[in-house]
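S.K.: Starting off with a structure, shown below.
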Amino acid sequence: MSSDTGTDLAADPSDQPASGRSPLERTLEETLGLFGSLTTEELEAPSACDGWTVHTTLAHLTLSVAGFAGLLPLTPYEQELEFEAAVDAHTREVAARPTAELLDIVRSSVPAVLATFGGLTDELATMPVNMGTAGSYPLASIADAIVFDHTCHTRWDVLAPRGPIQRTLPDLDGERLTAANRWLIGGIPQMTTDHFRELLTDPMAIVLTGPGGTAIRVLPHAASVENHGDASAVDDQARATVRTSATDFILWATGREPRHNRVETTGDTAYANTVLDAFRVY
């Protein structure tokens, strides 16, 4: 493994956006490229995920693809165990395997995962996937979940400045940002807390700007989310509108960074702040 902590992974052609590869394929290539470059010391360093080393984070990312490839059991989302607790328990179990084995599992999983999500029939695409206390989601959306999971953990829990690893990756392309945020937005009606849904008594608009941008209106009590391509369309009938970049949304919506100085709020700002204080998706 390389011992050069200043390695610039942007030089790897697999990390260049375009070239016809799907966001999912580019994401998995990035995971393999980054973790495959790390030293033993770097892998043992604490990540920005509380209680997880960089190696533990790789174990978690291995689970997200190996279950679909049939190389590891899927995480058992028992209804009495909270989703993130179930993920943590399974991750720590898999983290007992050596890094080289985990990388081999991810590498071996890629063809099956790409084939699965690249060839879904309409019937399979809508098949519900039970994720315990996190809710139930159509199978097609799990590709977005994998893009989000790998992108978020790699770039903001492993890499500096939040994480311990000094590496340089190219800026995220709009397609991967779109996929990651599509997963988070799709989780708003189910992942958010009862307290958030109680506070959301009136529609609130969220406008994501820059690459991967979009505009949504979250209806009262998060009963549903309306997606609009035009930001001006979501302002209509919204009690407050929150504008933030597509990248910043990932950081504050998942609780990784404070949203203050990352959002611009118009309309009833007091209402928006109260509601968003209880907002989190994952």
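To keep it simple, each residue is scored yes or no on (1) of a type outside the set (Asp, Glu); (2) at pLDDT below 95.
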residue: 21; (1), (2): yes, yes
residue: 30; (1), (2): no, no
residue: 35; (1), (2): yes, no
residue: 59; (1), (2): yes, no
residue: 62; (1), (2): yes, no
residue: 65; (1), (2): yes, no
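S.K.: What residue, among those in the range 244-273 that are among the acidic types (Asp, Glu) and closer than 18 Å to residue 156 by Cα, is surrounded by the fewest Cβ atoms within 10 Å (Cβ to Cβ)?
M.R.: If we take residues in the range 244-273 being among the acidic types (Asp, Glu) and closer than 18 Å to residue 156 by Cα, then 257 is surrounded by the fewest Cβ atoms within 10 Å (Cβ to Cβ).
S.K.: Might you let me know whether the range 133-140 holds any residue that is closer than 19 Å to residue 24 by Cβ and surrounded by fewer than 17 Cβ atoms within 10 Å (Cβ to Cβ)?
M.R.: The answer is yes, given that some residue of the range 133-140 is closer than 19 Å to residue 24 by Cβ and surrounded by fewer than 17 Cβ atoms within 10 Å (Cβ to Cβ).
S.K.: If you scan the range 208-234, which residues turn out to be part of a helix (DSSP H, G or I), in contact with a strand residue (DSSP E or B) (Cβ under 8 Å, 6 or more places away or on another chain) and touching a residue at least 24 places away in the same chain (Cβ under 8 Å)?
M.R.: First pass over the range 208-234, keeping only residues part of a helix (DSSP H, G or I): 220-222, 231-234.
With in contact with a strand residue (DSSP E or B) (Cβ under 8 Å, 6 or more places away or on another chain) added as a condition, the list becomes 231, 233-234.
Matches in the range 208-234: 231, 234.
S.K.: Could you identify the single residue in 72, 28 that is free of Cβ contacts under 8 Å to residues at least 40 places away in the same chain and among the hydrophobic types (A, V, I, L, M, F, W, C)?
M.R.: Sole residue among the options that is free of Cβ contacts under 8 Å to residues at least 40 places away in the same chain and among the hydrophobic types (A, V, I, L, M, F, W, C): 72.
S.K.: Within the range 132-160, which residues are closer than 21 Å to residue 78 by Cα and not in a helix (DSSP H, G or I)?
M.R.: Across the range 132-160, the qualifying residues are 135, 136, 137, 138.
S.K.: Now for a separate question. Confirm whether residue 205 is outside any loop (DSSP other than H, G, I, E, B), more than 19 Å from residue 141 (Cα to Cα) and modelled with pLDDT of 95 or more.
M.R.: Here the answer is yes, as residue 205 does meet what is asked.
S.K.: Report yes if residue 173 is modelled with pLDDT of 95 or more and surrounded by 22 or more Cβ atoms within 10 Å (Cβ to Cβ), otherwise no.
M.R.: When the stated conditions are applied, residue 173 does not pass them.
S.K.: Here is a further query. Is it the case that some residue within the range 173-195 is within 24 Å of residue 83 (Cβ to Cβ), more than 21 Å from the chain's Cα centre (by Cα) and part of a helix (DSSP H, G or I)?
M.R.: Yes, the range 173-195 contains a residue that is within 24 Å of residue 83 (Cβ to Cβ), more than 21 Å from the chain's Cα centre (by Cα) and part of a helix (DSSP H, G or I).
S.K.: Among the residues of the range 37-64, how many are β-branched (Val, Ile, Thr) and under 16 Å from the mean Cα position of the chain (by Cα)?
M.R.: Final tally of qualifying residues: 2.
The values are calculated or read from the model by the stated rules, or taken from the named source; none is laboratory data. A quick note: this is a predicted structure, and the numbers were derived from the prediction, not measured. Positions of Cβ are generated from backbone atoms using ideal geometry, with glycine treated the same way; all protein chains shown enter the neighbour counts.
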